[in-house]
Amino acid sequence: MGRTAGRSPQDTRRALLDAAADAVRARGIHASLDDIARFAGVSKGGLIYHFASKDELILELARDQLAAFQAGIDAALDPADTAPGRLTRAYLRASVAPADDDAAVRASLALVTQLMTVPAVAELARADAERLEAALAADGLPADVLALVVAAADGMSTAPLWGAPTHTPAHRRLAERLLHLTRHPHLWETLTPGAAPPG
């Protein structure tokens, strides 16, 4: 990353957050402010001008990651969709949206994994998860259907971490079927728990 001279304060903070993400991915959560400043191409003093401490920088980086995911959900909301399950469908779309490449997904997941080792970040993420869970619970779907769709979306979104291919025809079919289920949740009731498989 180039130097921050000539950038607006907002652009400089954005560049510093990006550099911090790169440093944490490369060096782990114990990357120092010196490491981050080197990644950013600025002096340590220049970094501290914007973020007074590493703790402040790490928390802001975590907030930035959470906000980016929420922005993805917001962007996936269909303005014409007013039926129950609207938010859940946006969550599913945002979670399984095609990425530039699986390596980018793995890099993002690696960053989040590192950040979550910090107790203050884990607490921040827990509060954000509770907020999102409450919004999804109020989305008008039966609890079992909601749980299935969210669990499937979460699993599909983390597949690259394990080297699994993503955005295959099978994944696309699954996403479409999950979307269909959110529009026709009564289909869930046709499944009989504990029933013996045919044959």
Item to check | Charge tally in the Cβ shell below 12 Å around THR113, where Lys, Arg are +1 and Asp, Glu are -1, THR113 excluded | outcome: +2
Checklist entry - Which net charge results for the neighbourhood of ASP34, defined as the other residues with beta-carbon distances under 11 angstrom from its beta-carbon, given Lys and Arg at +1 and Asp and Glu at -1? => result +3
Item to check | Cα gyration tensor shape for segment 105-186, rounded if a/c is under 1.5, else prolate or oblate | outcome: oblate
Item to check | Principal-axis tilt of helix 143-158 within the chain, Cα atoms, nearest 10 degrees | outcome: 50 degrees
Checklist outcome for this item: Helix 119-137 sits off the longest principal axis of the Cα atoms of the chain, rounded to the nearest 10 on a 0 to 90 degree scale, by 30 degrees
Checklist entry - So if we plug the beta-carbon distance of GLU133 and ARG14 into 1/(1 + (r/R0)^6) with R0 = 22 Å, what FRET efficiency do we get, rounded to 0.05? => result 0.15
Checklist entry - Taking square-rooted eigenvalues a ≥ b ≥ c of the alpha carbon gyration tensor, is segment 87-128 rounded, prolate or oblate, where a/c under 1.5 means rounded and, failing that, a/b exceeding b/c means prolate? => result oblate
Checklist entry - Could you give the length gained on full extension between ALA80 and GLU123, defined as 0.36 nm per residue of separation minus the Cα-Cα distance, in nm? => result 12.0 nm
Checklist outcome for this item: Everything considered on the Cα gyration tensor (a ≥ b ≥ c; rounded for a/c under 1.5, else prolate if a/b is larger than b/c, else oblate), the chain must be described as prolate
Next on the checklist: To test your reading of the geometry: what angle, between 0 and 90 degrees and rounded to tens, separates the Cα axis of helix 169-183 from the longest principal axis of the chain?
Outcome noted: 70 degrees
Checklist entry - Taking the simple approach of a point 7 Å from Cα along Cα-to-Cβ for both ALA170 and ARG183, what is their distance in nm? => result 2.5 nm
Item to check | Residue-count net charge about LEU146 - beta-carbon cut-off 10 Å; Lys, Arg +1, Asp, Glu -1 | outcome: -3
Next on the checklist: Helix-only estimate, please: 222 nm mean residue ellipticity of the chain, summing -39500 (n - 2.57) across DSSP H runs of length 4 or more and dividing by its residues, to the nearest 500.
Outcome noted: -21500 deg cm²/dmol
Checklist outcome for this item: For 79-85, 65-71, 89-95, ranked highest to lowest by mean beta-carbon neighbours within 10 Å, the order is 89-95, 65-71, 79-85
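Every number in this text was worked out from the coordinates using simple rules, so none of it is lab data. Not measured: the values here are computed from a predicted model. A quick note on method: Cβ atoms are made from the backbone with ideal geometry, for glycine too, and the neighbour counts reach across all protein chains shown.
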